[in-house]
Amino acid sequence: INVGNGILSPTLPLDDVPIHIVHTLDDLINSIFPNPNSITSQTLDQVILATTNARTDEINNAILEKIPGTTHIRQSIDSPIEGHEDSVFNLEFIQTLSPPGMPPHQLGLKLGCTYMLLRNIDDSDGLCNGAR
C-alpha cells in the first residue's frame with residue numbers, strides 16, 4: 001500500500017538490484033531506452049516484460065513511434081486451406097487475434113530496429129527461433 005500511495009522511495013532494493021518505479025508508459029520507455037536515435041549493445045540487452053500479448057503490442061508500437069524513420073506495415077497472409085473455403089470463421093475476426101508465439105496481423109517495421117524471430121524459417125541461413 002505504501003508504494004501505491006507514493007510514500008516509499010521510487011527506488012526499492014531487491015537482492016541489491018534497484019527497481020525504478022515509473023508511472024506512465026512513456027516514463028517506462030524513456031527509462032529503458034533513453035535515446036531512440038542511438039542503439040547500442042547495452043540497449044539491445046534491455047527488455048520490458050509485459051503480462052499480455054496485447055500489452056506487449058502496445059509497448060512495442062509506442063517504442064516504434066519514438067524511433068525516427070518510416071514505419072513499414074506488413075500484413076499476414078490469410079487464406080483458407082483448400083476445401084475449407086466455407087469456414088465458419090470470419091477472416092476479419094481471425095486477424096484480430098494474437099495467439100502466443102505469433103506476430104500480430106499488422107506488423108510495423110523500421111530500418112535499423114532489432115527484431116527477433118519466433119519460429120524456425122531457414123536454419124541454413126540462420127533464420128531460426130531467437131535469432132535477431
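The values are calculated or read from the model by the stated rules, or taken from the named source; none is laboratory data. Being a predicted model, the structure only gives us computed values, none of them experimental. Cβ coordinates were reconstructed from backbone atoms using ideal geometry, including for glycine residues, and neighbour counts include every protein chain displayed. Keep in mind that these areas ignore ligands, DNA and RNA; they rest on the heavy atoms of the full protein, side chains included. Shrake-Rupley method; radii C 1.70, N 1.55, O 1.52, S 1.80 Å.
In table form, for the structure just shown:
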{"quantity": "Selection count, the range 90-132, where residues are within 21 Å of T56 (Cα to Cα) and assigned to a loop (DSSP other than H, G, I, E, B)", "calculated": "25"}
{"quantity": "Selection count, the range 100-114, where residues are more than 14 Å from R132 (Cα to Cα) and open to solvent by 60 Å² or more (accessible area, probe 1.4 Å)", "calculated": "5"}
{"quantity": "Cβ-Cβ under 8 Å pairs, at least 6 apart or on other chains, the range 116-129 side farther than 12 Å from G101 by Cβ and surrounded by 10 or more Cβ atoms within 10 Å (Cβ to Cβ), far side of a type in the set (D, E) and modelled with pLDDT of 85 or more", "calculated": "C128/D122"}
